[in-house]
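The values are calculated or read from the model by the stated rules, or taken from the named source; none is laboratory data. Not measured: the values here are computed from a predicted model. FYI the Cβ positions are ideal-geometry reconstructions off the backbone, even for glycines, and counts take in every protein chain you see. Quick note on the areas: whole protein, heavy atoms, side chains included, nothing else; ligands and nucleic acids left out. Shrake-Rupley method; radii C 1.70, N 1.55, O 1.52, S 1.80 Å.
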Amino acid sequence: MRLQNKKIRHFMKLIYFHHPYYRKIMKKQKILPSDIKNRDDLRKFPITTKIPLRKKPRDFILQPKQENIKKTLTSKQKLSALRNMQKFKEKMFEEYYPTTFFGTSGRTGNSTPVFLTRYDLEIIRENTKALLERVTKGIDTPIAQNMFPFAPHLAFWQLTFGIMDYPGTFWFTLGAQRTEAQVQLMEKFKTNLIAAMPTYAKRVSDVAKEMKIKSHVKKIVIGGEAAPKGMIRTIKDNFGEIGKVPQIINAYGMTESKVAMMECEEGSGIHLFPHLHVWELVDKDTMEPVEEDGLLVFSHIDMRGTVFIRYLTGDFLKGRIERGVCDRCGSAAPRIVGKIKRIIDMDKALNTTKVKGVLIDLDVFDNILSNIGNINQYQVIIKKENKYDPYSRDVVEVHVGPEKHVVNSKELVDKIKRKMKSQIEITPKIKIKDPDKIYENVMGTLKGARVIDKRKEIKKK
Ligand SMILES: [Zn+2]
């Protein structure tokens, strides 16, 4: 905690002097950097939603001005400036000058950029190496396949940065495409470690089973989207038929957090990086801190480029943040324990979960559909009956791509209708489609959009 407090104190100075958005807030609310000494003090800041970020992404970038830079230098930096001005300037440039960005969504027009400096890339590299150390434990010769989608998207690059310098691991990447080629290479190289979005991991497992390869996969790291239980079971079953049943390790993070975190082993809970972020839970209605069952909120305490204080992720944790020592790996780093539900689509209003006047948890669709057998792919679309009329009825449309062996799709349709009616009292409209087409729609957003709410996209005539 001492290290965390030290980082918080220094970071608050950077925020106060160099961060356009939070500087304004601190001035207005009369918060001085010295008022924030530990993680509890961070609660003096209001919650930050995605709305101001979307309006002015630039205001969230640390951008020191000449006249203020002296005020935030550490004694080490001051010394280095005295010794070698040129080198000092280069260092400052590396620390603050953005070199790239990641997007919050693959959807065009809806993506907000989060900028990274070389300082950030170094942090990502170092901490991903720590994650890899944990995940390769027990694998003598790690052979890894990075199947995250190739895009300006955190998951793909974080793994790439980390694994490039990680000793003793052979790795390669084809992104999240050319599945048959991936599967052939998987067999050829005896891949034992995979990292992918769950939707893609499932597809790879389907194809691998169909091609009857011999699988050597021991661990699969999944991230980038929430994975329903039924989907995880299918992935395990599929791999289990052609090799050993792999461990599925959850990763959690988002473009805005700039680093994703992971379980130390299956079911351990996500280990946080307490030297990089402070995580907390807040009540979904009052935004007041809670100990259990709340929305996940984080603050950066050591990053440059785009940074946030008390950023509302839109993910709901049914569970708690454990601060005790982990009984599996012995680490004292806090863990997110419980189920993370992505109930709130931050690109839209906060309350989009009412369908036909019934308040539903969007996860329920995944829970029902991933547990009905014989479905290869699905997508749920909530929309208005008349797309030009915001007051028309809500309609739930389910696109279903049956498994190849399914001959009687009517039976499947009836089963889905029956299950939905009994569990959420909604009778959906069901369309049978080609599973490949559905897969493309789901993965096209890079967010595994299995459930989408189109009701806000009312068209103007
Ligand atoms: Zn652990």
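If you sort R9, R39 by accessible surface, 1.4 Å probe, largest first, the order is R9, R39.
Projecting the Cα atoms of L73, H277, L312 onto the charge dipole of the chain (Cβ charges, centred on the Cα centre) puts L73 farthest toward the positive pole. Unpaired cysteine residues in the chain (no second Cys Cβ under 4.7 Å): C326. Extension gain for K188 to M211 (0.36 nm times residue separation, less C-alpha to C-alpha distance): 7.0 nm. Expressed as a whole percent, the accessible area of the chain that falls on carbon and sulfur atoms is 51 (1.4 Å probe). How far, in degrees from 0 to 90, does helix 154-164 lean away from the longest principal axis of the Cα atoms of the chain, to the nearest 10? Approximately 70 degrees, to the nearest 10. For the chain, the longest principal axis of the alpha carbon atoms and the long axis of helix 85-96 meet at an angle near 30°. Scoring 426-433, 394-401, 152-159, 194-201 by mean Cβ neighbours within 10 Å over their residues and listing the highest first yields 194-201, 152-159, 394-401, 426-433. Within the assembled protein chains, the solvent-accessible surface assigned to I123 is about 20 Å², based on a 1.4 Å probe. Applying the Karplus relation 6.51 cos²θ - 1.76 cosθ + 1.60 with θ = phi - 60° to the range 306-315 yields 3J(HN,Hα) values of 6, 9, 10, 10, 6, 7, 7, 7, x, 9 Hz, where x marks Gly and Pro. Working from label points 7 Å from Cα in the Cα-to-Cβ sense, the E265 to R178 distance is 3.6 nm.
One quarter of the convex hull surface, Cα atoms only: what value does that give for the chain in nm²?
Averaging across all directions leaves 24.2 nm² for the Cα convex hull.
Rounded to the nearest 20 Debye, what is the dipole magnitude of the chain about its Cα centre when Lys and Arg each give +1 and Asp and Glu each give -1 at the C-beta?
Details: 86 positive and 54 negative charges, 302 e Å.
Roughly 1460 debye for the chain.
If you rank L3, L295 by how much accessible surface each has, with a 1.4 Å probe, what is the order from largest down? Before the final figure, lay out each step's value.
Details: L3 105, L295 0 Å².
From most exposed to least exposed: L3, L295.
A 1.4 Å probe, protein heavy atoms only, puts the accessible area of E322 near 60 Å². Working from label points 7 Å from Cα in the Cα-to-Cβ sense, the K387 to L82 distance is 6.8 nm.
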